[in-house]
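Everything below concerns the one structure shown next.
Where a number appears in this text, it was derived from the coordinates with a stated rule and is not lab data. Remember, predicted model here, so these are calculated numbers, not experimental data. Here Cβ is always computed from backbone atoms with ideal geometry, including for glycine, and neighbour counts include all displayed protein chains.
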Amino acid sequence: MPEQNLIDDFVLHLENERRVSPHTILNYRRDLEKLNKYLENHSIRCWNEVQVVMARGFAGESYRKGLSGSSIARMLSTARTFFRYLIREKLVQNNPFDGVSAPKSKRKLPKILTAEQAIKLVDIPGDDLLAIRDRAILELFYTSGIRLQELVGLNLTDVNLQEGIMRVLGKGSKTRIVPIGSFAVDALKNWLSSRGNWASDEETAFFVTRRGARPTTRAIQQRIQVRAVQQGMPTGVHPHMLRHSFATHVLESSGDIRAVQEFLGHSNISTTQIYTHLDFGHLSREYDRAHPRAKRKSKK
């Protein structure tokens, strides 16, 4: 088996130098453990023994095991990044994963809520503090399209309700300014007026739990699932579904994909373009429903 300690060193490099999020680091480690196991099964003892044929074999075996093209592409990207690190540390001379590509697979369109479902979801009844906080969280997710980790990491100083904007720390420690809709502004103001019942004066987190601490990503996921059931939503509602719904609804209304890219914090517009497929599906349904020449002739 290749040296396990080099994976540990690489993880420290990600944490300390690249400031990669814990979730991404977990994915890197998981992918490298799979690669390590594959190489062990093929009697590879050192990382500098890995050749291009082994890199292709790793991709091929993953495909035969039923992994999707996107999952294999992610693992290959992890391996390439790892070997670039090894080259930088002068532990290997070549990157055997350069030029190795994953098999293409059909890209799945993300599931979204309709505008009516999203509005119903965020319209939580009740005036207790938990309802006030959950309503503010859901409104913020749907009005801004921010990621779960971005919401959890939000601090009081990041939010300017007077101007209706917030500063968000996204992937790769990149900061962007995101607008906040008027309904969300009202919900956030309502939350801030009661937040002191749970949070100490020293707490910097914008959202807190009943114990006064910053919530975990898992805690927010669970709250959304609970509220979705209460509001009669489809099963499997999660924060990223609200992000997808936000992006799709903005694109349907404005048609401005560059604006959606900025809102979501995508570094590459190709990532945002998936929402054009969702929007096209919506327009196709509207065409079939409304256009007099869209009706198919009945078979006689």
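What is the local net charge at T217, summed over the other residues whose Cβ is closer than 12 Å to its Cβ (Lys, Arg +1; Asp, Glu -1)?
Here the charged neighbours net out to +3.
Along the three principal axes, how long is region 115-287 when you take its alpha carbons, biggest first, rounded to the nearest angstrom?
Principal extents (Cα only, largest first): 52, 36, 28 Å.
At a Cα cut-off below 16 Å, give the aspartates and glutamates reachable from K111, other chains included and same-chain residues fewer than 8 away excluded.
E252, D279
Based on the Cα gyration tensor of region 66-129, what are the three equivalent ellipsoid semi-axes, each the root of five times an eigenvalue, rounded to whole Å and given largest first?
Whole-Å semi-axes of the equivalent ellipsoid: 44, 19, 7.
Compute and list, largest first, the equivalent-ellipsoid semi-axes of region 4-88 from the alpha carbon gyration tensor, each √(5λ) rounded to a whole angstrom.
Taking √(5λ) for each eigenvalue gives 21, 16, 10 Å, largest first.
Under 19 Å Cα to Cα from K65, which aspartates and glutamates show up? Leave out anything in the same chain fewer than 8 places away.
D31, E33, E40
Regarding region 43-193, what is the average projected area of its C-alpha convex hull, in nm²?
Quarter of the Cα hull surface area: 13.7 nm².
On full extension of the chain, what length is gained from N197 through V53, given 0.36 nm per residue of separation minus the C-alpha to C-alpha distance?
Extending this stretch completely gives an extra 45.7 nm.
Can you quote the Å³ per residue value for the convex hull of the Cα atoms in region 166-231, rounded to an integer?
Convex hull of Cα atoms, per residue: 130 Å³.
Within region 1-41, find all residues whose amide N lies under 18 Å from a label point positioned 7 Å from the Cα of Q222 along Cα-to-beta-carbon.
What the label zone holds, given the 18 Å backbone N cut-off, is no residue at all.
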